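Participant: Can you keep this structure in mind? I'll have questions shortly.
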Amino acid sequence: MEVPEVKESWGLNADISPQEFADMAYGTKFAFSPGIGPGYVGDWYILSGDALGEPFTLIRRNGRLVVV
């Protein structure tokens, strides 16, 4: 996993595979573009665990996923 905030939130160790993480979380990807005016354009991800709570919102910045 490349996003430290996600690793810490889920308590993940370095050897977890993407498939193992997929069994613990729900995610979706949008091709985002603002309706009016300038703003972020690009991939927008929402990642949530299997319990109700605040989901993570991630975007790509300089080729890396970052929490916004």
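The values are calculated or read from the model by the stated rules, or taken from the named source; none is laboratory data. Owing to the predicted nature of the structure, the values given are computational and were not obtained by experimental measurement. For neighbour counting, all protein chains shown are included, and Cβ atoms are generated from backbone atoms with ideal geometry for every residue, glycine included. Protein only, heavy atoms only, side chains kept; ligands, DNA and RNA dropped before computing areas. Shrake-Rupley method; radii C 1.70, N 1.55, O 1.52, S 1.80 Å.
Participant: Using θ = phi - 60° and the Karplus curve 6.51 cos²θ - 1.76 cosθ + 1.60, what whole-Hz ³J(HN,Hα) does each residue of the range 7-14 get, with Gly and Pro shown as x?
Facilitator: Result, ordered by residue: 4, 5, 5, 8, x, 7, 9, 5 Hz.
Participant: Here is a further query. For the chain, what is the accessible area per residue in Å², given a 1.4 Å probe and the full set of protein chains?
Facilitator: Spelled out: the 1.4 Å probe surface of the chain, per residue, equals 75 Å².
Participant: While we're looking at this one, here's another question. Would you mind counting up the charge near Tyr45? Only other residues with Cβ under 14 Å from its Cβ, with Lys and Arg at +1 and Asp and Glu at -1.
Facilitator: +1
Participant: Further, regarding this structure: Around Asn13, what is the net charge, scoring Lys/Arg as +1 and Asp/Glu as -1 over all other residues with Cβ under 12 Å from its Cβ?
Facilitator: -2
Participant: Okay, next question. Ignoring ligands, DNA and RNA, please state the percent of accessible area on the chain from carbon and sulfur, probe 1.4 Å.
Facilitator: Carbon plus sulfur share of accessible area: 55 percent.
Participant: With +1 on each Lys and Arg Cβ and -1 on each Asp and Glu Cβ, how big is the dipole of the chain about its Cα centre, in debye rounded to the nearest 20?
Facilitator: That gives a dipole near 400 debye.
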